[in-house]
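Novice: Sharing a structure below in structure tokens format, with a few things to ask.
What follows draws every value from the coordinates through simple rules; no lab data is involved. All values derive from a computational prediction rather than experimental measurement. Positions of Cβ are backbone-derived with ideal geometry, glycine not excepted, and every protein chain shown enters the neighbour counts.
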Amino acid sequence: MDQIIPDRSSAAGRGRPRLNVLMAGPRGFCAGVDRAIKIVEEAIRRYGAPVYVRHEIVHNRFVVESLERQGAIFVEELDEVPDDAPVVFSAHGVPKSVPAEASRRKLFYLDATCPLVSKVHREAEQHFTRGRHILLIGHAGHPEVVGTMGQLPEGTVTLVEDEADARSVAVPADVPLAFITQTTLSVDDTAGIVAALRARFPDIHAPAKEDICYATTNRQAAVKAIAPRAELMVVVGAPNSSNSLRLVEVAERAGCPKAVMVQRGRDLDLGLAQGLATIGITAGASAPEVLVEEVLARLRERFEVVIEEVVVAEERITFKLPAGLHA
């Protein structure tokens, strides 16, 4: 349901141009991100600082710096973690070698991998046990892709990044195939890649249920709903966040003349909105709502902002914390 909310700031309307702002809904935090952050916060509360975190818990500097202030220390690899310190694995998932090394060192660890990423890991293992070679649709080097490929022996998973890859990828002869996907991809791009794979390999096994997660799908659908009405789309997110980058792409493809990403309100160039009547705002799944509020505050410096909420789906999904962290 769309809802129009007038600007409540005290100086609203005093000689400032009106700017209609379409707020995408859903936007911002998803259940997996919320769970991962709570795992770090609860670990600090229970075990005391510092708690080490392997890689950024989620791809957002504001979140990372907030956790650092609470007592989290972010590292790239386990060899940076002292033997007596707890460690948390990021929401993107890790190769099996990481918990194996933690166990070898007798480290106390908590796995904050999003349950929907873990579902893809289980799918990969099931395909492997059934003798299938796996094609993973995703972006090279992304932590989720590294973690998923690291669930199985080297050479049993082949990465497919785009339709060109799908049309040319070399696969083992006389071996059944299956495909899985990264959870944060463009829905439309992935559909094209899957179609190309099916055209080449009609018998390829598909996921029983869509691998692209509900949050990614819903946020892209919300952007598609407002992009044709907006002259500018502002995506609150991080440049290393796959789902945030996809929102920029989706906005432009869905008819918005220009889409930009900002990490904080102060990053927004107000000149981009000068002379415009309507803009859209959304946020990637790892961006907290407080950063969206920063963008609105920034816009109110120059404009009389009138907000319209455009909601395409209601999200009520929550994920439990790992055993041992329940309240």
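Novice: In terms of modelled amide H atoms, which long-range or inter-chain residues lie less than 5 Å from the amide H of GLU308?
Specialist: HN-HN under 5 Å from GLU308: ILE5, VAL21, LEU22, MET23.
Novice: Also, quick follow-up: By count of other Cβ within 10 Å, fewest leading, how are VAL235, VAL310, VAL51 ordered?
Specialist: Details: VAL235 29, VAL310 19, VAL51 26.
Fewest-to-most Cβ neighbours within 10 Å comes out as VAL310, VAL51, VAL235.
Novice: Quick one, what does Rg over Rh come out to for the range 258-301 if you take C-alpha atoms and the Kirkwood Rh?
Specialist: 0.93
Novice: Quick one: if you stick a label point 7 Å off each Cα along the C-beta vector at GLU154 and ARG253, how many nm between them?
Specialist: My value for the distance between the label points is 3.4 nm.
Novice: List the residues whose amide H sits under 5 Å from the amide H of THR158, counting only those 5 or more places along or on another chain, with H placed 1.01 Å from N in the peptide plane.
Specialist: ILE134, LEU135, LEU136
Novice: Can you report the principal axis dimensions of the range 115-200 using only the alpha carbons, biggest first, rounded to whole angstrom?
Specialist: Principal axes ranked by extent give 31, 26, 18 Å for the Cα atoms.
Novice: Quick one: net charge of ILE180's neighbours, Cβ under 12 Å, K/R +1, D/E -1?
Specialist: Local charge sum for ILE180: -1.
Novice: Also: Which entries in the list LYS224/LYS320; LYS38/LYS258; LYS119/LYS224; LYS38/LYS224; LYS258/LYS320; LYS96/LYS320 go over 29 Å, if you measure between the two C-alpha atoms of each?
Specialist: With Cα atoms farther than 29 Å apart: LYS224/LYS320; LYS38/LYS258; LYS38/LYS224; LYS258/LYS320.
Novice: Another question, then. As a test of the formula, what do you get for the chain when each DSSP H run with n ≥ 4 contributes -39,500 (n - 2.57) and the sum is divided by the residue count, at 222 nm and rounded to the nearest 500 deg cm²/dmol?
Specialist: When only DSSP H runs of four or more count, the value is -10500 deg cm²/dmol.
Novice: Based on the Cα atoms of the range 1-143, what semi-axes does the equivalent ellipsoid have, where each is the square root of 5 times one gyration tensor eigenvalue, given in whole Å with the largest first?
Specialist: For the range 1-143, the semi-axes come out at 38, 24, 12 Å.
Novice: Which whole-Hz couplings ³J(HN,Hα) result when phi for each residue of the range 216-230 is put into the Karplus expression 6.51 cos²θ - 1.76 cosθ + 1.60, θ = phi - 60°, listed in order with x for Gly and Pro?
Specialist: 4, 4, 5, 5, 5, 5, 5, 5, 4, 5, 9, 4, x, 9, 9
Novice: Quick one: TYR47, TYR109, fewest Cβ neighbours within 10 Å first, how do they rank? Intermediate values should be presented prior to the final figure.
Specialist: Working: TYR47 14, TYR109 22.
Listed from fewest to most nearby Cβ atoms, that is TYR47, TYR109.
Novice: Moving on to the next point. Would you kindly compute the Cα radius of gyration of the range 230-270 and its largest Cα-Cα separation (Dmax), both in Å?
Specialist: Considering the range 230-270 through its Cα atoms, Rg and Dmax are 9.8, 27 Å.
Novice: Continuing with this model, one more query. Each residue of the range 164-173 in turn: what ³J(HN,Hα) in whole Hz from Karplus with 6.51, -1.76, 1.60 and θ = phi - 60°, glycine and Pro shown as x?
Specialist: Values, residue by residue: 4, 4, 4, 7, 10, 4, 8, 10, x, 6 Hz.
Novice: Give the dimensionless ratio obtained when the Cα radius of gyration of the chain is divided by 2.2 N^0.38 Å.
Specialist: Dividing the Cα Rg of the chain by 2.2 N^0.38 Å gives 1.08.
Novice: Here's something else I'd like to know. Tell me, what HN-Hα J-couplings in whole Hz come from the Karplus equation 6.51 cos²θ - 1.76 cosθ + 1.60 at θ = phi - 60° for each residue of the range 118-127, using x for Gly and Pro?
Specialist: 4, 4, 5, 4, 5, 4, 4, 5, 5, 4
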